[in-house]
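K.L.:
What follows is a structure written as structure tokens; I'll ask about it next.
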Amino acid sequence: MSLHFDYITPYTKLLRAAKENNVRELYDLYAQEPYLLHGYSWLWEENPLHVACKYGNLHFVKQVIKISPELASKRSQNGFSPMHVAAANGHFEIVQALAEFDYRLCLEEDLNSNIPLHIAAMEGKDDVARALVFAYPESLQKVTHRGETALHLALKNGHCVTFRVLMEEVKRFNLKELLNRKDYEGNTILHIAASQKLLEILELLLSRESANAIKMDINSVNRRGYTTLDVHYETSNDTVAKKIRSILVEYGAKEGQFLQNNIGHGQKPQTILSESNLSLMVFVMIATLTFGAACSPPKFFENEIPDKKAPHYLLDMLFHRGSGHVTAAFYFMVFNVAGFMASMVAILLLTWPLFFGNMMILASAAVGIVFMILVEKSMPHFTITVGTFQISVAVCVWFSALVFIGCGVLIVVSACRFLAMFKVARRMKGFIQILGN
């Protein structure tokens with residue numbers, strides 16, 4: 001007799017009892033099947049405790065914990081613990097009960113490293129957020145896999161009331177350093193409030209009343225090199241935007257503060273952006289030229305190759321011992337492919353920090369596929385002999401282009417290291433001479 005089929009019907013009844021808050025049914029089923037709560041819960045998306053937390057059945061939750069305490073830390077298939085489920089649905093009494101049972105449940109993480117407080121912040125559950133912080137204040141300092149605190153998440157999801165609740169808790173537990181903490185994109189809560197045009201939040205953070213208690217870094221720079229004011233300029237220019245702009249300027253917000261880590265002294269972010277734009281323009285031009293060359297290759301590609309069926313040896317082509325036209329066609333396409341690939345990689349790196357960086361990957365992949373087709377159709381269709389193997393010229397072109405790029409990168413890196421060592425050696429020599437004198 002299969003153990004799975006023995007338990008499937010009682011377990012279904014147990015889930016229904018959890019949904020309906022039927023404690024009597026719980027104990028009847030438990031009396032019939034003592035191992036029911038320890039059985040095949042992994043076959044289901046949720047266990048009875050998840051279901052009870054979802055529907056806010058506090059009494060059922062307490063009884064399940066009493067019978068089977070280990071279920072309190074069991075996760076569903078989406079990585080949610082019962083505490084996550086209760087937090088997401090706003091059942092703060094259940095959250096309190098679970099926290100009283102074991103405060104460590106406040107630190108359970110789902111698949112995205114979200115603890116229950118993060119879920120409450122994303123869903124705008126004010127009472128739950130307050131209960132979770134009261135149970136474990138250190139949860140305010142926990143971050144998601146993207147470096148976001150609960151404060152970041154509340155603002156990103158537009159829950160201003162929840163943010164105010166969290167602000168009260170931050171002040172109460174003297175965790176004001178969280179207010180200037182950055183996520184993995186370098187954004188503080190001021191960046192987010194400005195980008196979301198949350199006027200009341202900006203007034204809360206920058207008002208004179210809170211200025212004595214909170215020292216906000218209004219000119220903090222994110223990974224894109226943008227201050228709060230720079231981020232605000234990306235929003236639509238309406239009445240609210242003008243009001244926000246006046247508030248930011250009033251409290252000292254500036255465009256392009258001097259960077260401390262990534263920009264040298266005296267070099268402004270505008271200069272960095274200008275250099276990036278110039279580099280981007282150059283790489284786009286190179287990519288355009290190489291793409292055009294693949295579309296319209298020189299005439300000798302097809303017209304002047306003596307015999308496509310004749311064997312063409314790799315060494316003869318590399319050292320120009322064979323047909324000059326074949327060698328020229330091969331080298332032309334190798335360097336053309338290398339130039340296009342290097343330019344596309346550079347364009348991706350320059351545009352990746354932008355908010356449409358993911359779309360650039362998709363667009364670049366599409367252009368790359370088209371370029372591969374063009375190379376295949378443009379190249380003369382003959383094979384190259386390498387030892388006893390016959391290899392398509394298109395394969396040799398792509399492989400040679402990759403080798404050229406790899407060797408070029410190694411040479412440039414080695415040269416930079418050598419120059420750096422040379423400069424250090426010169427400085428050391430001068431220092432030794434000074435000591436000798």
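K.L.:
Could we say that residue 136 is among the hydroxyl-bearing types (Ser, Thr, Tyr), in contact (Cβ under 8 Å) with a residue 24 or more places away in the chain and surrounded by fewer than 16 Cβ atoms within 10 Å (Cβ to Cβ) here? Walk me through how you get there before you give the answer.
P.N.:
Working: among the hydroxyl-bearing types (Ser, Thr, Tyr): yes; in contact (Cβ under 8 Å) with a residue 24 or more places away in the chain: yes; surrounded by fewer than 16 Cβ atoms within 10 Å (Cβ to Cβ): no.
No.
K.L.:
Evaluate segment 343-351: report whether one residue or more is under 22 Å from residue 296 (Cα atoms), at pLDDT 85 or above and within 24 Å of the chain's Cα centre (by Cα). If you could, list the steps in order and put the result at the bottom.
P.N.:
Pass one, segment 343-351, residues under 22 Å from residue 296 (Cα atoms): 343-344.
If we keep only those that are at pLDDT 85 or above as well, we get 343-344.
If we keep only those that are within 24 Å of the chain's Cα centre (by Cα) too, we end up with 343-344.
Scanning segment 343-351, I find at least one residue that is under 22 Å from residue 296 (Cα atoms), at pLDDT 85 or above and within 24 Å of the chain's Cα centre (by Cα), so the answer is yes.
K.L.:
May I ask you to list the residues in segment 62-108 that are touching a Lys or Arg at 6+ places or on another chain (Cβ under 7 Å), surrounded by 23 or more Cβ atoms within 10 Å (Cβ to Cβ) and not hydrophobic (A, V, I, L, M, F, W, C)?
P.N.:
Once the filter is applied, which keeps residues that are touching a Lys or Arg at 6+ places or on another chain (Cβ under 7 Å), surrounded by 23 or more Cβ atoms within 10 Å (Cβ to Cβ) and not hydrophobic (A, V, I, L, M, F, W, C), segment 62-108 yields only 81.
K.L.:
Run down 367, 395 and say which single residue is surrounded by fewer than 17 Cβ atoms within 10 Å (Cβ to Cβ), at pLDDT below 80 and assigned by TED's automatic domain parsing to the domain that holds residue 334. Walk me through how you get there before you give the answer.
P.N.:
Details: 367 fails: at pLDDT below 80.
395 is the lone residue from the list that is surrounded by fewer than 17 Cβ atoms within 10 Å (Cβ to Cβ), at pLDDT below 80 and assigned by TED's automatic domain parsing to the domain that holds residue 334.
K.L.:
Of 372, 285, 360, 317, which residue is outside the structural domain of residue 233 (by TED's automatic domain parsing), assigned to a helix (DSSP H, G or I), at pLDDT 75 or above and farther than 30 Å from residue 222 by Cβ?
P.N.:
Working: 285 fails: farther than 30 Å from residue 222 by Cβ; 360 fails: farther than 30 Å from residue 222 by Cβ; 317 fails: at pLDDT 75 or above.
The match here is 372.
K.L.:
If you take just the helices (runs of 4 or more DSSP H) that sit entirely in segment 94-178, which of them hold at least 3 residues that are under 18 Å from the mean Cα position of the chain (by Cα), under 30 Å from residue 199 (Cβ atoms) and at pLDDT 95 or above? Give the derivation first.
P.N.:
Working: elements: 116-123, 126-135, 150-156, 160-172.
Answer list for segment 94-178: 150-156.
K.L.:
So how many residues does segment 200-227 have that are within 17 Å of residue 160 (Cβ to Cβ) and either in contact with a Pro (Cβ under 8 Å, 6 or more places away or on another chain) or at pLDDT 85 or above (or both)?
P.N.:
Within segment 200-227, residues that are within 17 Å of residue 160 (Cβ to Cβ) and either in contact with a Pro (Cβ under 8 Å, 6 or more places away or on another chain) or at pLDDT 85 or above (or both) number 7.
K.L.:
Moving on. Please list, ordered by first then second residue, the pairs with beta carbon atoms under 7 Å, 6 or more apart or interchain, first in segment 241-255 and modelled with pLDDT of 85 or more and assigned to a helix (DSSP H, G or I), second buried (at least 16 other Cβ atoms within 10 Å of the Cβ) and among the hydroxyl-bearing types (Ser, Thr, Tyr).
P.N.:
The qualifying pairs are 248/228.
K.L.:
Kindly list, by first and then second residue, each pair from a residue in segment 54-81 that is within 17 Å of residue 102 (Cβ to Cβ) to a residue that is of a type in the set (A, V, I, L, M, F, W, C) and in a loop (DSSP other than H, G, I, E, B), limited to pairs with Cβ atoms under 9 Å and residues at least 6 apart or on different chains.
P.N.:
Cβ pairs passing all conditions: 75/111; 80/111.
K.L.:
Against the definition (in contact with a helix residue (DSSP H, G or I) (Cβ under 7 Å, 6 or more places away or on another chain) and touching a residue at least 24 places away in the same chain (Cβ under 8 Å)), how does residue 98 come out, yes or no? Can you show your working first?
P.N.:
Working: in contact with a helix residue (DSSP H, G or I) (Cβ under 7 Å, 6 or more places away or on another chain): yes; touching a residue at least 24 places away in the same chain (Cβ under 8 Å): yes.
Yes.
The values are calculated or read from the model by the stated rules, or taken from the named source; none is laboratory data. Bear in mind that the values here come from a model prediction, so they are computed numbers and not experimental data. Note that each Cβ is placed from the backbone with ideal geometry, even for glycine, and that neighbours are counted across all protein chains shown.
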